[in-house]
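Encoded as structure tokens, the structure appears first; notes follow it.
The values are calculated or read from the model by the stated rules, or taken from the named source; none is laboratory data. As the structure is a prediction and not an experimental result, all values here were calculated from the model. Glycine also receives a Cβ, built like all others from the backbone with ideal geometry; neighbour counts cover every protein chain displayed.
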Amino acid sequence: MTSEDGTAVRDVDVVVIGAGQAGLSAAYHLQRRGGLRFVVLDAEDGPGGAWRHRWDSLTMATVNGIRELPGMPPVEADDGVSSNRAVPAYFADFEQRFALQIERPVRVTLVEDDPIASGPGPRPLLIRSVGRDGAPRPLLRTRAVLNATGTWTRPFRPVIPGAGDFRGIQLHTAEYVRAEDFTGARVGIIGGGISAIGHLLEIAEVGSTFWYTRRPPVFADRPFTEELGREAVAGVWERVRQGLPVRSVVSATGLVRTPAVQEAERRGLLERRSLFTRITPDGVIEADGSETPLDVLLWATGFRHELRHLRPLGLRSEHGGIAIDGTTAAVDPRIHLLGYGPSASTIGANRAGRAAVNRLVRDLHDLHDLPVRAVPVS
């Protein structure tokens, strides 16, 4: 078939965008259910999602807990192995074991309503994408989208006057590789989350560190428990139900005082400074007006959800976030957001993949009388 402008179109029932934890979980449950034509599009060159780009020193011993993929045993790798090798290998094994056909590298550029669709029921969606060389691919027409694009491709860096004048090195956590690259350097680390703490602990062993945050960091005085995690996730869920901008779980739980963090505090490595007011060619202007010379600015300032390809659908609320009901966009049930808000963790992504498939199978069957085989999903 062809579109309004004559472009080739392939018709499917479901398109999964992204093959990280959430996307692979969704693909697994779609395959188990049967009865739906689906494709999985992934912008990476190979398996692993964002794990392919984690820094070398983030080993299996230091990474936060990794939940196993559905139908798979837990990740098995020595503590000293870099997560950017172990986890992609695990994802590759999963894809091979369940014969999942992932189309890659494919970057989705736009999801929009099919302008020539007619008839009862929700309008189909058109998916525009490009391949490795940036050339447009054939359009996909689909009834539903499971969006699992994550955040790694949208690093956030606040706008600070003078940033363009800095003569040193500026990089984001997304570009960080190893502490040894900054041996002997004066490094300003900006951010109040887990990544910033990790960078501080590593770089302090080879260089001089200066820690900047917009607000005083909050350290939890109680250990992280399942109950605390559930309370934090519930708070994030409430925000997304209201269409408010997503906040991290860490913002609700605080930073955990691990033994390594306690040792860093004892050594005076976590002496926080207020965020500087301006960047100069050779450093920064502190909140008190003094200048501190720096060689490197490392922005551990987080990420934003990669949802720009969904803009034509008008999903955002007046509050700036996207209201979701379960995994479904409240204003457009054709769109499911996996790994968004409280489902951004690996265990949350697994659950979101299963929940989204359960919901869309029911919806598509009711709306279109599709021949969906009812298979229990564990």
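Within region 33-65, the residues that satisfy the criterion of being part of a loop (DSSP other than H, G, I, E, B) and in contact with a Phe, Trp or Tyr (Cβ under 8 Å, 6 or more places away or on another chain) are 47, 48, 55. Kindly evaluate residue 149 against the criterion of being among the hydroxyl-bearing types (Ser, Thr, Tyr) and surrounded by fewer than 18 Cβ atoms within 10 Å (Cβ to Cβ). No, not satisfied. Between 93, 45, 79, the distinction of being over 25 Å from residue 126 (Cβ atoms), over 19 Å from the mean Cα position of the chain (by Cα) and at pLDDT 95 or above belongs to 93 only. Within region 123-158, if we keep just the residues that are part of a loop (DSSP other than H, G, I, E, B) and in contact with a helix residue (DSSP H, G or I) (Cβ under 7 Å, 6 or more places away or on another chain), the residue that is nearest to residue 51 (Cα to Cα) turns out to be 152. Within region 254-299, the set of residues being closer than 30 Å to residue 63 by Cα, touching a Leu at 6+ places or on another chain (Cβ under 9 Å) and modelled with pLDDT of 95 or more comprises 296, 297, 298, 299.
Residues in region 255-292 that are of a type in the set (Val, Ile, Thr) and in contact with a Pro (Cβ under 8 Å, 6 or more places away or on another chain) were compared, and the one that is nearest to residue 213 (Cα to Cα) is 277.
Restricting attention to region 178-193, the residues that are over 18 Å from residue 283 (Cα atoms) and either in contact with a strand residue (DSSP E or B) (Cβ under 7 Å, 6 or more places away or on another chain) or part of a strand (DSSP E or B) (or both) add up to 1. In region 92-113, which residues are in contact (Cβ under 8 Å) with a residue 60 or more places away in the chain and among the charged types (D, E, K, R)? Listed by number, the residues that qualify are 95, 103, 104, 107, 112, 113. Residues that are within 20 Å of residue 154 (Cα to Cα) and surrounded by fewer than 21 Cβ atoms within 10 Å (Cβ to Cβ) within region 316-330 comprise 316, 320, listed in sequence order. Listed by position, the strands (runs of 3 or more DSSP E) inside region 266-365 whose residues that are among the polar types (S, T, N, Q) number at least 1 are 272-274, 278-280, 291-293.
Evaluating residue 175 against the criteria (1) closer than 23 Å to residue 8 by Cα; (2) surrounded by fewer than 16 Cβ atoms within 10 Å (Cβ to Cβ); (3) acidic (Asp, Glu) leaves one unmet condition, (1). For the criterion of being within 25 Å of the chain's Cα centre (by Cα) and at pLDDT below 95, residue 149 fails.
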